[in-house]
Amino acid sequence: NFSFSLFRFEHSFPKCDPHYCQLFINNEFVDSVSGKTFATFNPATSKEIVQVAEGDKADVDLAVVAAKKAFHRNSDWRKLSPLQRTSLMMKLCGLMERDKEFLASLETQDNGKPYPEALFDVTYSILTLQYYAGWTDKFFGDTIPAGGFTSMTRKEPIGVVGQIIPWNYPLLMLAWKWGPALAVGCTIIMKPAEQTPLTALHMAALAKEAGFPAGVINVVNGFGPTAGAAISEHPDIAKVAFTGSVDIGRIVMQAAATSNLKRVSLELGGKSPVVVFDDADVDFAVETTHEALFSNHGQSCCAGSRTYVHEKIYDEFVAKAAAKAKARKVGNPFEANVQQGPQIDEEMLTKVLGYIESGQKQGAKLQTGGKRIGNVGFFIEPTVFSDVKDDMRIAQEEIFGPVQSIFKFSTLDEMIDRANNVKYGLAAGIITNDINKALKFANNVDAGSVWINCYDAVLPSTPFGGYKHSGIGRELGKDGLDNYLETKTITMKLL
Ligand code: TXE
């Protein structure tokens with residue numbers, strides 16, 4: 001029944017050859033020290049796009065040498081005024097604008113998300129970098145009343161920073177991390193996810209074209225246990241920013257602790273509740289909760305993956321939610337009107353199908369979907385479960401796929417306890433016309449972001465991050481700068 005269109009790949013995919021496939025160190029594209037390469041695949045066709053250089057500890061070491069030099073107090077980068085940093089960042093944004101379609105095509109090819117969504121990601125990445133370009137001269141310290149002393153604080157860039165990002169929003173995660181780091185004057189070693197290195201490499205070329213001095217931005221592609229670990233263990237990297245799974249977040253934090261106590265910020269997984277009260281417009285609620293879960297194929301850390309519906313409207317809601325999922329158009333992400341492309345790789349395909357199987361075994365009711373589509377690429381039917389119970393695996397663990405789980409509830413108090421009864425605390429949503437219910441929920445739910453009558457409304461200016469196992473620290477907004485700053489107190493005694 002799914003409207004699925006997966007054909008003529010060879011003809012219907014726009015030709016989009018990546019221009020850059022090496023590592024980017026000290027403003028040069030170079031092979032890895034080992035000479036090794038690895039393939040990046042198109043998840044819609046399962047075919048190799050291109051081989052990219054495989055970085056490892058030796059390459060991270062070289063990148064750190066370049067980044068340290070670029071951070072030296074007498075370097076070209078450190079001598080720039082804040083407004084000169086603004087100007088470089090804005091130039092980079094201009095080049096992204098110029099290459100917008102190309103960047104979006106690369107992203108769709110490497111990641112599988114529908115082309116219009118990739119274009120949206122490019123736009124949002126530009127906005128994020130523009131937002132942070134405005135912060136270069138606004139991270140103020142304080143002056144502090146201190147008796148016979150005069151005391152003040154300076155906010156200083158932390159130094160060389162490592163940034164390890166995932167594959168679900170490759171370009172956007174890059175922008176979230178480059179923006180604040182560049183605004184305050186840090187230098188960067190970024191490791192993109194091994195599944196999606198291509199847009200980061202193109203961005204490195206644009207950074208050079210914009211005029212960023214050598215060593216300010218370095219991109220080392222490679223795998224987690226090698227290149228990623230080399231970053232989190234490196235004694236000369238002052239801070240690591242990581243987005244990815246909880247398990248790897250732990251490893252990164254441990255490595256940071258046992259190496260040089262580098263500062264750590266973590267954006268990890270989620271199991272976010274979206275609560276629908278009986279006063280809500282059911283169609284609006286179905287639409288909002290559908291997008292909250294299915295956008296980006298469910299591969300979103302803040303996916304609204306627990307839909308709680310009030311008992312009075314439960315049956316109607318479930319029927320409409322299932323119909324909506326059934327109508328979702330899955331297929332070639334370059335084709336017009338396609339809403340869902342492939343999952344990122346075979347590992348995620350298997351993982352998501354495993355969760356669907358466990359939902360069925362544990363007694364949830366499969367309303368629609370549940371199967372792989374075809375055997376080319378990694379497509380999964382948009383899937384809806386009703387009658388989900390809080391102790392099921394699909395209710396507790398992050399699925400990271402197009403699987404909506406619907407639960408029934410009766411009262412607000414019950415709802416708050418149940419919403420908080422998971423290890424995660426990234427986001428939450430509530431749909432109601434009753435401001436009292438909405439704010440009581442918002443004030444009591446364990447979540448870094450709460451959306452009322454909307455979902456996924458993340459702006460460059462709004463802090464984003466998690467409670468509990470969902471992470472440490474906040475990205476975006478003014479708070480996002482703190483990840484990249486040290487505070488220095490200078491105290492003077494007037495004689
Ligand atoms: O994540 P990993 P994976 C969740 C989601 C998904 C699961 C697994 O539930 O199903 O994680 O996805 C690098 N030292 N999220 O396996 O492994 C890796 O190379 C240093 C949530 O893709 O955490 C990549 O660059 N780095 C999430 C990055 O970590 C290491 C987004 C993320 O990979 C490393 C993605 C190591 N030892 C997955 N091992 C979100 N919060 O949005 C791996 N990496």
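The values are calculated or read from the model by the stated rules, or taken from the named source; none is laboratory data. Being a predicted model, the structure only gives us computed values, none of them experimental. Methodologically, a virtual Cβ is constructed for each residue, glycine included, from the backbone with ideal geometry; neighbour enumeration extends over all protein chains shown. Ligands, DNA and RNA are stripped out before the accessible areas are found, and what is left, the full protein with its side chains, is counted by its heavy atoms. Shrake-Rupley method; radii C 1.70, N 1.55, O 1.52, S 1.80 Å.
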For this session: Let me know the shape class of the chain, please: from the alpha-carbon gyration tensor, a ≥ b ≥ c as square roots of the eigenvalues, rounded when a/c is under 1.5, otherwise prolate if a/b is greater than b/c, or oblate.
Result: oblate
Seminar exercise, completed: In whole Hz, the Karplus estimates of ³J(HN,Hα) for region 175-191 (6.51, -1.76, 1.60; θ = phi - 60°; x where Gly or Pro) are 5, 4, 8, 5, x, x, 5, 6, 4, 8, x, 6, 10, 10, 10, 9, 10
For this session: Only Lys, Arg, Asp and Glu count, each charged at its Cβ (+1, +1, -1, -1), so figure out the dipole size of the chain about its Cα centre, rounded to 20 debye.
Result: 1060 debye
Exercise. Tell me, what is the per residue accessible area of region 196-313 in Å², probe radius 1.4 Å?
Worked result: 28 Å²
For this session: Over region 99-159, with every protein chain in place, what whole percent of the accessible area is carbon and sulfur at 1.4 Å, could you tell me?
Result: 63 percent
Problem set entry | Long-range amide H partners of Phe379 with built H, under 5 Å | Gln343, Ile373
Exercise. Relative contact order of the chain: what whole-number percent is it, with Cα pairs under 8 angstrom and at least 6 residues apart?
Worked result: 18 percent
Exercise. Counting Lys +1, Arg +1, Asp -1, Glu -1, what net charge surrounds Gly215 among other residues with beta carbon under 9 Å of its beta carbon?
Worked result: +2
Exercise. To the nearest 500 deg cm²/dmol, what mean residue ellipticity at 222 nm is calculated for the chain from DSSP H runs of n ≥ 4 alone, each contributing -39,500 (n - 2.57), summed and divided by the residues?
Worked result: -11500 deg cm²/dmol
Problem set entry | Carbon and sulfur %, accessible surface of region 306-459 computed with the full protein complex present, 1.4 Å | 46 percent
Problem set entry | For region 357-418, accessible area per residue (1.4 Å probe, heavy atoms of protein chains only), Å² | 41 Å²
Exercise. What does the accessible area of Ser34 come to, in Å² to the nearest 10, when a probe of 1.4 Å is used?
Worked result: 70 Å²
Problem set entry | Residues of region 91-165: accessible area per residue with a 1.4 Å probe, Å² | 39 Å²
Exercise. Past the 31 Å Cα-Cα mark, which pairs from Lys113/Lys365; Lys155/Lys423; Lys91/Lys138; Lys320/Lys437; Lys36/Lys329?
Worked result: Lys155/Lys423; Lys36/Lys329
Exercise. Under the classification rounded if a/c is under 1.5, otherwise prolate if a/b is larger than b/c and oblate if not, where does region 160-280 fall, given a ≥ b ≥ c as square roots of the Cα gyration tensor eigenvalues?
Worked result: oblate
For this session: May I ask you to compute the full-extension gain from Asp17 to Asp279, defined as 0.36 nm times their residue separation minus their alpha-carbon distance, rounded to one decimal in nm?
Result: 89.2 nm
Exercise. DSSP beta bridges in the chain, what fraction antiparallel, as a percent rounded to 5?
Worked result: 45 percent
Exercise. Looking at the square roots a ≥ b ≥ c of the eigenvalues of the Cα gyration tensor of region 423-495, which shape do they give, rounded for a/c under 1.5, prolate if a/b is larger than b/c, or oblate?
Worked result: prolate
Exercise. Using Cα pairs under 8 angstrom and six or more residues apart, how large is the relative contact order of region 231-349, in percent?
Worked result: 20 percent
